[in-house]
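Quick notes on the structure that follows.
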Amino acid sequence: MTRSTRRSLAVRALCTLLPTALLLAGAACGGGSRGDAPTIVLVTIDTLRADRVGCYGRAGADTAVIDRLAAEGVRFDAAQTTAPITLPAHASILSGRSLPGHGVLTNSGFSLAESVPLVTESLQKAGYATGGFVSTKLLSPKAGFARGFDSFDDRITLAPTRRGGVTGFPERAGSETAAAALAWLATVPKSKPVFLWVHLFEPHTPYAPPPEIAARHAGDPYQGEVAAADAVLGRLLDGIDRAGRGRVLTFVAGDHGEGLGDHGETTHGIFLFQEVMRVPLIVHGPEWGIRPAVVDASVSLTDLAPTVLELSALPALPGADGLSLAAVVTGRGAAPQRGGVFAESHMPQIEYGWSGLRALVQGRTKLIQAPRSALYDLAEDPREKRDLAVARASEMPALVEALTDLRRRAVASAPAAADSNASVSEDQMKDLQALGYAASGRQNRPAGVDLVDPNAINPLDRTEYVGLFA
Ligand SMILES: [Zn+2]
């Protein structure tokens with residue numbers, strides 16, 4: 001048990017006697033030698049599949065830090081991403097919007113439009129010191145991800161000894177990203193509230209865990225990278241603890257998972273099966289009234305920003321289609337009622353001229369909308385091996401309508417398409433190509449054609465081909 005945890009248990013006992021409104025406003029529960037101001041920490045771990053984390057059921061996962069946070073906090077068992085790829089998913093995390101709402105559809109050729117308000121801007125305006133530290137050049141200021149940050153650090157070094165000897169790969173070791181974040185935190189007065197975002201890239205290809213971790217996961221270097229990210233998370237949280245910040249609220253989330261061949265896709269970016277859509281989402285903050293719980297209801301990464309703002313007693317983000325989880329994480333209520341959560345995959349259409357895909361998760365039922373749509377029962381068939389679209393054809397129209405309804409709400413405040421299109425520099429193109437993305441840097445979708453195009457190639461019919469490049 002860490003120092004902060006021991007202290008927080010005592011504070012929590014006291015805080016439970018106080019009105020919830022006081023807790024939410026952050027009025028009373030700091031004190032001691034620590035700063036009284038709230039510290040909100042968001043850690044996104046790239047390419048982290050939920051079922052490769054111990055608290056999500058993986059034996060021998062080597063994820064003690066995430067598992068401890070989950071045991072002490074709230075673990076969302078059915079959290080879904082909005083897209084199988086980094087930039088759109090992170091745009092959803094920071095904006096509280098699904099893809100139709102924020103307009104960032106793939107990793108290349110898009111940036112977050114100025115007209116899309118971000119959680120970081122709200123916190124900055126409310127007086128928070130805001131720091132963002134990322135481990136890939138994808139999440140760049142040029143793509144709009146530095147907005148609302150006092151300090152944004154995407155310095156990527158390419159030393160040949162890093163990342164298991166892999167050279168020239170445009171990512172930063174998580175240990176360096178965490179060290180940069182802690183160095184910045186040391187410059188912030190304890191009296192000032194903090195929002196700190198740290199993005200770790202370890203589980204993304206190439207899988208090259210440090211030798212001592214690799215040795216524990218021989219033959220499974222992806223799992224080694226998951227363990228490596230967990231170890232970095234531990235060092236980061238220990239550093240925050242040592243910094244003596246008050247009332248720490250921590251969110252840990254994956255941005256999307258990894259195919260690992262389950263449906264023919266090795267990495268991610270095309271398909272919307274659960275190995276890529278289901279992500280870990282954990283909220284930890286005893287001093288914020290967060291009660292240990294496991295939540296089975298489907299939630300979305302779009303819910304993260306609304307939750308941060310409600311817990312901070314700040315106004316909701318205009319145009320967000322995500323829903324606050326503040327009531328459920330503080331034990332005051334249930335997860336929000338909703339018609340489901342949805343995701344979109346645009347890369348097949350934009351980069352390859354195929355049809356795109358959409359997915360809806362509604363309880364245990366999953367629809368993948370494609371030129372030939374698929375239906376799965378996630379309770380009986382969590383690995384999505386038995387397509388029930390024909391057997392349960394009568395249910396399809398209602399599911400499509402639910403998906404359309406969710407999209408309609410998300411589109412209501414969408415930026416003009418031109419706002420979210422960005423030109424891609426030659427350097428960015430090289431980075432994207434090094435990451436394995438085709439990076440055409442432009443939209444190839446013909447005008448008037450829907451994402452799911454019945455006349456185009458169905459990615460679900462090209463699984464062997466997909467396995468060659470994604
Ligand atoms: Zn990613």
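A few remarks follow.
- Within the range 183-205, the set of residues being within 16 Å of the ligand (Cβ to nearest atom) and of a type in the set (Phe, Trp, Tyr) comprises TRP197, PHE201.
Yes or no, residue by residue, for (1) farther than 14 Å from PHE342 by Cα; (2) among the basic types (Lys, Arg); (3) in contact with a helix residue (DSSP H, G or I) (Cβ under 7 Å, 6 or more places away or on another chain):
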site: ALA70; (1), (2), (3): yes, no, yes
site: ARG75; (1), (2), (3): yes, yes, yes
site: ALA78; (1), (2), (3): no, no, no
site: THR81; (1), (2), (3): no, no, yes
site: PRO84; (1), (2), (3): no, no, yes
site: LEU94; (1), (2), (3): yes, no, yes
site: SER108; (1), (2), (3): yes, no, yes
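- Just so you know, in the range 242-272 the residues that are within 16 Å of the ligand (Cβ to nearest atom) and open to solvent by 10 Å² or more (accessible area, probe 1.4 Å) include one that is nearest to ASP51 (Cα to Cα), and it is LEU260.
- Checking each residue in the range 304-331 for being out of contact with any strand residue (DSSP E or B) (no Cβ under 8 Å at 6 or more places or on another chain) and not in a loop (DSSP other than H, G, I, E, B) picks out ALA305, PRO306, LEU309, GLU310, ALA326, ALA327.
- Residue count for the range 276-316, restricted to those that are in contact with a helix residue (DSSP H, G or I) (Cβ under 8 Å, 6 or more places away or on another chain), under 30 Å from GLN349 (Cα atoms) and open to solvent by less than 20 Å² (accessible area, probe 1.4 Å): 8
- Flag set for ALA208, criterion: hydrophobic (A, V, I, L, M, F, W, C), at negative phi and away from the ligand (no atom under 16 Å from the Cβ).
- Residue-level check: of (1) in contact with a strand residue (DSSP E or B) (Cβ under 6 Å, 6 or more places away or on another chain); (2) farther than 20 Å from ARG68 by Cβ, ALA253 misses just (2).
- Pairs where the first residue, in the range 194-211, is more than 30 Å from GLY127 (Cβ to Cβ) and the second is among the charged types (D, E, K, R) and open to solvent by less than 10 Å² (accessible area, probe 1.4 Å), C-beta under 6 Å, 6+ apart: PHE201/ASP46; PHE201/GLU171; GLU202/GLU225; PRO203/GLU225; HIS204/ASP46; TYR207/GLU225; PRO209/GLU225
- Here GLY339 meets the list (1) free of Cβ contacts under 8 Å to residues at least 40 places away in the same chain; (2) open to solvent by 20 Å² or more (accessible area, probe 1.4 Å) almost entirely, failing just condition (1).
- Members of the range 369-424 found to be β-branched (Val, Ile, Thr), at pLDDT below 90 and open to solvent by 60 Å² or more (accessible area, probe 1.4 Å), listed by number: VAL411
- Filter result for GLY322 (surrounded by fewer than 23 Cβ atoms within 10 Å (Cβ to Cβ), of a type in the set (Gly, Ala, Ser), more than 16 Å from the ligand (Cβ to nearest atom) and in contact (Cβ under 8 Å) with a residue 40 or more places away in the chain): no
- With a requirement of 3 or more residues that are modelled with pLDDT of 95 or more, of a type outside the set (Ser, Thr, Tyr) and more than 18 Å from the chain's Cα centre (by Cα), the helices (runs of 4 or more DSSP H) lying completely within the range 41-138 that satisfy it span 64-72, 119-125.
The values are calculated or read from the model by the stated rules, or taken from the named source; none is laboratory data. Keep in mind that what you see is a predicted model, and the values were worked out from it rather than measured. Don't worry about glycine lacking a Cβ; one is built from the backbone with ideal geometry, like all the others, and counts go over all protein chains shown. Areas reflect the complete protein model, heavy atoms only, side chains present, ligands, DNA and RNA absent. Shrake-Rupley method; radii C 1.70, N 1.55, O 1.52, S 1.80 Å.
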